[in-house]
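Participant: Below: one structure in structure tokens.
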């Protein structure tokens, strides 16, 4: 059976979708005829076409929109060129132009919003099964409908696949994915439609407990998709609607259908994952700890450096993004041990504040092995908050690691989360003090207000897990007027962002693309092609 993998919009068009690349590699290794389409990248390029922007801009676009539309082609070319790293100001302007240009697409009721980073709908919710059904049957539509109808659907019909699998990993993909699935069902009624991915896996408990089918799909895959898709492709589909195969993991992606050079990056960046799941899995604020989408598994540490080198040679790029929840120390040691071979690469990814990262020799070798940036979830500068969250981080350890990384020339992208349960003014002031004390050692910052997972142990027993019409919601109901949330938001804007040191860090963070592009602007090296 021929298989087609689809990656629906809308997510940042910064690199090829790793899930599709991994499935391509695995299914082809099993002798299955399979191809893939990144409909997310295609949709963005379709919508950013200058003539189409002019047509949707109306007879009297605003001055910023008119300027942005006029500069859209040049801005797009710059972001896909090494020249983007030569001037951060020019880079920011290009991103701003493209984002403003996308603002012309607001849908028939002026209720949709598309940016380079996400997509939202004021009236339709991705967590409402009724809204998803309306999109699937054509009652409702999204701003992507024209691209689906005029470009994607004819290309899919021409390929005549017998099985189509949609990979849905982010909430911004849900509404377009169900609209697309409905179109596919009406145009190709005999084709087997399958949906999977991290977001749908996070719905597993809700779907199974309520017996909710997700029309128009024939099957929903929970967890790793490698084994279930191979089984569906090689045998009769069977009657089971919900599928969950063995934890058969593949770590060798195939990007041959995805054109790494076509994305909005100054240099082609290949995503790569050396693990599945989270090896810590104890943070009470994290959905991965409450309802893991994958059991933890890791590739052999000794295999990772050679995989990097093979991918770099095949795709002629030295830039990599590790998408792991956190790179375990054994994998970091394996990369550091091969620093002489990996020195021509540039890579970044998440790590925990593990005590081993205080080893100066390890960090020095990681820098020589191509590590340009580590993303680190600090969450709070209050030890009491970290302990309540079961973060497993000691502030003195985090401080030493920040010093160590800065000394080695490895940038840090630090994540802070305000508004945790029982957070006090003292806790927030401790966070401010920690960030200011270590500001010179922090490259970039992500400042956020906490959303509480619906089944988190941090939640009070009387808190509702979600409204009845949104059984698929991943988080507890958010009361923006709650005292705790208002206090956190006020502190963020009036204290954190009022600090000159913190404002300087936030100001050098790439707009919209944030961590995806940050490692291109590390230190004074961003004029060099290697960054």
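Participant: Examine region 174-190 for a residue that is under 23 Å from the mean Cα position of the chain (by Cα), at pLDDT below 95 and part of a loop (DSSP other than H, G, I, E, B), and state whether such a residue exists.
Facilitator: Looking only at region 174-190, we keep the residues that are under 23 Å from the mean Cα position of the chain (by Cα), and these are 174-181.
Going one step further and asking which of them are at pLDDT below 95, we end up with none.
No - not one qualifying residue is present in region 174-190.
Participant: Identify, from the list 42, 60, the residue that is outside any loop (DSSP other than H, G, I, E, B) and surrounded by fewer than 24 Cβ atoms within 10 Å (Cβ to Cβ).
Facilitator: Details: 60 fails: outside any loop (DSSP other than H, G, I, E, B).
It is 42.
Participant: May I pose another question? Find the residue count for region 27-68, including only residues that are touching a strand residue (DSSP E or B) at 6+ places or on another chain (Cβ under 9 Å) and either at pLDDT below 95 or more than 24 Å from residue 95 (Cα to Cα) (or both).
Facilitator: Going through region 27-68 one residue at a time, the tally reaches 8.
Participant: Only one of these is in contact with a strand residue (DSSP E or B) (Cβ under 9 Å, 6 or more places away or on another chain) and without any contact (Cβ under 8 Å) to a residue 40 or more places away in the chain: 233, 195. Name it. So that I can check it myself, show each step before the final result.
Facilitator: Numbers: 233 fails: without any contact (Cβ under 8 Å) to a residue 40 or more places away in the chain.
When all the criteria are applied, what remains is 195.
Participant: Next question, about the same structure. Output the helices (runs of 4 or more DSSP H) that fall wholly within region 196-253 and possess 2 or more residues being crowded, with 21+ Cβ neighbours inside 10 Å, or say none.
Facilitator: Values: elements: 198-202, 204-210, 226-234.
So the answer is 198-202, 226-234.
Participant: Considering region 133-164 alone, what residues qualify as being in contact with a helix residue (DSSP H, G or I) (Cβ under 7 Å, 6 or more places away or on another chain) and either in a loop (DSSP other than H, G, I, E, B) or over 15 Å from residue 185 (Cα atoms) (or both)?
Facilitator: 137, 138, 140, 141, 142, 144, 147, 151
Participant: Residue 382 passes all but one of (1) crowded, with 17+ Cβ neighbours inside 10 Å; (2) within 23 Å of residue 276 (Cα to Cα); which number fails?
Facilitator: The one condition residue 382 does not meet is (2).
Participant: Okay, moving on. From the list 302, 313, 261, exactly one residue is touching a helix residue (DSSP H, G or I) at 6+ places or on another chain (Cβ under 8 Å) and either surrounded by 20 or more Cβ atoms within 10 Å (Cβ to Cβ) or over 30 Å from residue 417 (Cα atoms) (or both). Which is it? Before you say what the answer is, go through the steps one by one.
Facilitator: Values: 313 fails: touching a helix residue (DSSP H, G or I) at 6+ places or on another chain (Cβ under 8 Å); 261 fails: touching a helix residue (DSSP H, G or I) at 6+ places or on another chain (Cβ under 8 Å).
Criteria check complete, one pass: 302.
Participant: Give just the number: which of (1) more than 30 Å from residue 4 (Cβ to Cβ); (2) crowded, with 16+ Cβ neighbours inside 10 Å; (3) modelled with pLDDT of 95 or more does residue 74 not satisfy?
Facilitator: (2)
Participant: Same structure, new question: Within region 418-426, is there a residue that is assigned to a strand (DSSP E or B), under 15 Å from residue 352 (Cβ atoms), assigned by TED's automatic domain parsing to the domain that holds residue 279 and in contact with a strand residue (DSSP E or B) (Cβ under 8 Å, 6 or more places away or on another chain)? Break it down stepwise before answering.
Facilitator: So in region 418-426, the residues assigned to a strand (DSSP E or B) come out as 418.
Filter once more, keeping what is under 15 Å from residue 352 (Cβ atoms): none.
No.
The values are calculated or read from the model by the stated rules, or taken from the named source; none is laboratory data. Note that the structure is a prediction, hence the values are computed from the model and not measured. With ideal geometry, Cβ positions are generated from the backbone for all residues, glycine too; neighbour counts draw on all protein chains shown.
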